[in-house]
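Everything below concerns the one structure shown next.
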Ligand code: HEC
């Protein structure tokens, strides 16, 4: 009788312990998951190794206001007859490409200032290429940047080929793009248990 009674008791206790372990196990699982995620995070955030020189874009204030002003005077003397006072390229004689606005920016997007400088210096003015001096040509680039609404900075743009190659023309401000992306990907609502899970 006693042994008959002891058997179900034992198995009931066994079931209870198994159940308790299961509950504890399930309870800990998300915590363990949380630890794993936390440990994995730094590896995910790590930026790829960059050995190239730090590059700039036309949004970094790469020319000065004074320089653009000088460039404007040179433009008015040597370029308006074909590209127009407003840089639209819409002139009755010698119609030429637009030098400020959407069409111009689409053509030059992701190119660099080195290419733009070289084109102007070697091919413009179209009817008399290469006749201006190097400083005039780089001042013209500054004027084109201002005309396309890229911000001015403190330093003047120099005609150093390597430095110019290192400045990328981007029609859209990369900082503005990042801000939009951050806003969209922000969590909708933070729940109290988010910090544990
Ligand atoms: C006689 C007319 C004429 C004059 C003057 C002239 N250009 Fe041009 N420009 C053109 C034409 C035409 C093109 C189109 C490309 C070609 O035919 O070589 C062009 C192309 C350009 C381009 C390339 C545009 C693009 O998006 O591909 C730039 C930049 C430029 N000119 C700047 C200037 C500057 C700066 C001056 C003044 C120093 C100037 N041009 C003077 C006729 C002229």
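No value in this document is a laboratory result; all are computed from the given coordinates. Quick caveat, the model's predicted, so the values are computed rather than measured. Note that we place each Cβ from the backbone using ideal geometry, even for glycine, and neighbour counts take in every protein chain shown.
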I want to make sure I understand the PRE zone here: with the label point 7 angstrom from the Cα of residue 135 toward its beta carbon, which residues in the stretch 62-89 have backbone N atoms less than 18 Å away?
63-78
Mean Cβ neighbour count within 10 Å, used as a protection proxy, ranking 89-101, 129-141 highest first:
129-141, 89-101
Difference of contour (0.36 nm per residue) and Cα-Cα distance, residue 109 to residue 73:
10.4 nm
